[in-house]
Structures are given as C-alpha cells and as structure tokens.
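**Q** The structure follows.
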Amino acid sequence: MNCTFVVLSNRIAMKDIQLRAIEPGDIDIIYTWENDQTIWESSDTHTPFSRYMLEQYIISAQSVDIQSSKQLRLIIDMNINGKMVAVGCVDIFDYDVFHHRAGIGILIDENHRGRGLASEAINKVCNYCRIHLNMHSLYANIRHDNIASIKAFEKNGFELIGIKKDWTLTPTGYCNECMMQKILE
C-alpha cells in the first residue's frame, strides 16, 4: 500500500491519526497507561512506574535518537472535536541498525479500542520505519489470546513465523506467544 507522509515539525500526518514524538505534556496519559495493571501481561511489566521515572524517560527520549537508544516511542494522536488527543502509543524497540530490523508494540487507550486505530497506526509505523529509518523488517510478539492485535498486524502484512509455547505466566497459567514478522517492501 502506498502512503504519502506530510511531515509537520515532529508529526507524521496521514488520514485519521498522527504519530508524533513524545512530549512533556504526555506525562499524565503515559503515567496512566504504564500503571494500568490490566495491560501489564501484554507489556511484560511487573512493577508500577513513578511519575518522576517517566518524566526522566520523556526528557531523555527528546535528546536521544533511535540509533543510540535502540528504541523510540511515538504517540498516536487523533482529532476529536477539533482537538488532537493522545489515543495510544507505538514502541519501536530492539532496533538493530546493522540488520535493519526492530520490534514494535502498540497500545490503544481502552476508551478508543475497536475503531481500527491500531491497524492504521501499524500501517503508519511500518511506512515510517521503511522510509525514514531504512528498515528491512519488523516483528511483534503478541499473546495468542490477543485476537484483535493479531488481526491488526495480519491486516498490515505481518505473518506468523512462530509460537513460543508457555511463554508468558498469567494469573490463570502459562500462555503461548505468537511471533509475527513483516518484510518491509
């Protein structure tokens, strides 16, 4: 699929949502997302984050590029009643400049799920990685029971390349994790 990017300062503008760099004003929503225990199983988080720790992360994220930090968080903004509102985030992690690959993870705020925002954000981040970061492939690790996430990645050309058996311990026992990959064209 061909996409045209319009770069507006630190924003990548397309259709209905925008991906942008993290900003200090995002602290409240990031604090809420990072400390939401209902998503910890999917994000492999085990302890809460302090506001101070997140503020330091945001400050450092603004001054360090992906080549040195090996990661990048982009905020997903959506126009709601004429105002841009943060509705989620995309993490690019495990960035490998030599092999031109990275992992990606996505979070959509629970109040905005079911609207196709994850799929649109995945599409945008794939194009961003291909065009601006010269990446060859992306991968995602998704719990096997996260059907909505699996479908969003499949819709964007990710293929199942393996199953990690009994990979994640949950309150109800171990569950499998799907490893999905897309070769960027």
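No value in this document is a laboratory result; all are computed from the given coordinates. The shown structure was predicted, so the numbers you read here are calculated from the model rather than taken from an experiment. Counting neighbours? That spans all protein chains shown, and the Cβs are built from the backbone with ideal geometry, glycine included.
**Q** Could you list L74, L133 so that the one with the fewest beta carbons within 10 Å of its beta carbon is first and the one with the most is last?
**A** Least crowded to most crowded, the residues run L133, L74.
**Q** Using a Förster distance of 22 Å, how high is the FRET efficiency between I183 and V97, based on the Cβ-Cβ distance and rounded to 0.05?
**A** 0.80
**Q** Okay, moving on. Note down the nm distance, to one decimal, between modelled labels 7 Å out along Cα→Cβ at S69 and at F49.
**A** Each label point lies 7 Å from its Cα, and together they span 1.0 nm.
**Q** Could I ask something else about it? Determine the relative contact order of the range 32-185: mean sequence separation of Cα pairs under 8 Å and six or more apart, normalised by residue count, in whole percent.
**A** This gives 16 percent for the range 32-185.
**Q** For a Förster distance of 22 Å, can you work out the FRET efficiency between the beta-carbons of N79 and E110, rounded to the nearest 0.05?
**A** 0.65
**Q** In nm, give the distance between the simple-model label positions of K164 and S137, each being 7 Å from the Cα along the Cα-to-Cβ direction.
**A** With each label placed 7 Å out from Cα toward Cβ, I get 1.6 nm.
**Q** Next question. Short version: ³J(HN,Hα) in whole Hz for each residue of the range 97-102, in order, from phi by Karplus 6.51 cos²θ - 1.76 cosθ + 1.60 (θ = phi - 60°), x for Gly and Pro, what are they?
**A** Computed from phi, the couplings for the range 97-102 are 5, 6, 8, 6, 9, 6 Hz.
**Q** Next question. Projected area of the chain, taken from the Cα convex hull and averaged over every viewing direction, in nm²?
**A** Convex hull of Cα atoms, orientation-averaged projection: 10.8 nm².
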